[in-house]
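Each remark here refers to the structure printed beneath this line.
The values are calculated or read from the model by the stated rules, or taken from the named source; none is laboratory data. Because the structure is predicted, anything quoted here is derived from the model rather than measured. Neighbour counts run over all protein chains shown; Cβ positions are idealised from the backbone, glycine included.
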């Protein structure tokens, strides 16, 4: 049973995440930020996770707190759902093309959080989503999930396509990494 339900309430956000790593890609997302909802929907569908995210945030300020805090809670939920990391493939890498854009993700469910992020956006926003929040979301997820995460834009011109290709590459890399292999912990140390 690799699932978790987690809530977090601060003065800036009130977030609930339900995550099932062995789901069917059923998603229900409501953050109040249309483009971010679209990206989280792509994440759940392409990873094959059941994902329910509800976020009520201080959008009158800007989307930053909502996006970052969602990454925090989703990362924590992922860490709880994956458990001791035994019996999983652990690593995942994937390229995703989206029209003129090509993005790459490689990750390790290692227990050692790290983010290497390389993308260059030409616009401040896609819809109401600040493009700089792409990195903030992935950093929050990596630091709270214990995942070593590398994301790279190979090339692209349309920021919508670049960000969406990143989320989908991330989803497919996660899907590969959480797949079960029936063995113990994949580590020469015997533990992660």
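Annotations
- Candidate set from the range 51-63 (those that are surrounded by fewer than 23 Cβ atoms within 10 Å (Cβ to Cβ) and not in a loop (DSSP other than H, G, I, E, B)); member that is nearest to the chain's Cα centre (by Cα): 52
- Taking the numbered list (1) free of Cβ contacts under 8 Å to residues at least 12 places away in the same chain; (2) touching a helix residue (DSSP H, G or I) at 6+ places or on another chain (Cβ under 8 Å) in turn, residue 60 passes all entries but (2).
- Of all the residues in the range 101-116, those that are surrounded by fewer than 20 Cβ atoms within 10 Å (Cβ to Cβ) and under 15 Å from residue 168 (Cα atoms) number 3.
- Index of the failed condition, residue 48 passing every other in (1) touching a strand residue (DSSP E or B) at 6+ places or on another chain (Cβ under 9 Å); (2) crowded, with 17+ Cβ neighbours inside 10 Å: (1)
- Residues (modelled with pLDDT of 95 or more and more than 12 Å from residue 66 (Cα to Cα)) located in the range 1-22: 3, 4, 5, 6, 7, 17, 18, 19, 20, 21, 22
- For the range 13-43, a tally of residues being assigned to a helix (DSSP H, G or I), in contact with a strand residue (DSSP E or B) (Cβ under 8 Å, 6 or more places away or on another chain) and closer than 17 Å to residue 176 by Cα returns 1.
- Criterion violated by residue 121 - all others in (1) over 18 Å from the mean Cα position of the chain (by Cα); (2) surrounded by fewer than 16 Cβ atoms within 10 Å (Cβ to Cβ) satisfied: (2)
- Residue within the range 64-84 that is at pLDDT below 95, over 15 Å from residue 149 (Cα atoms) and part of a loop (DSSP other than H, G, I, E, B) present: yes
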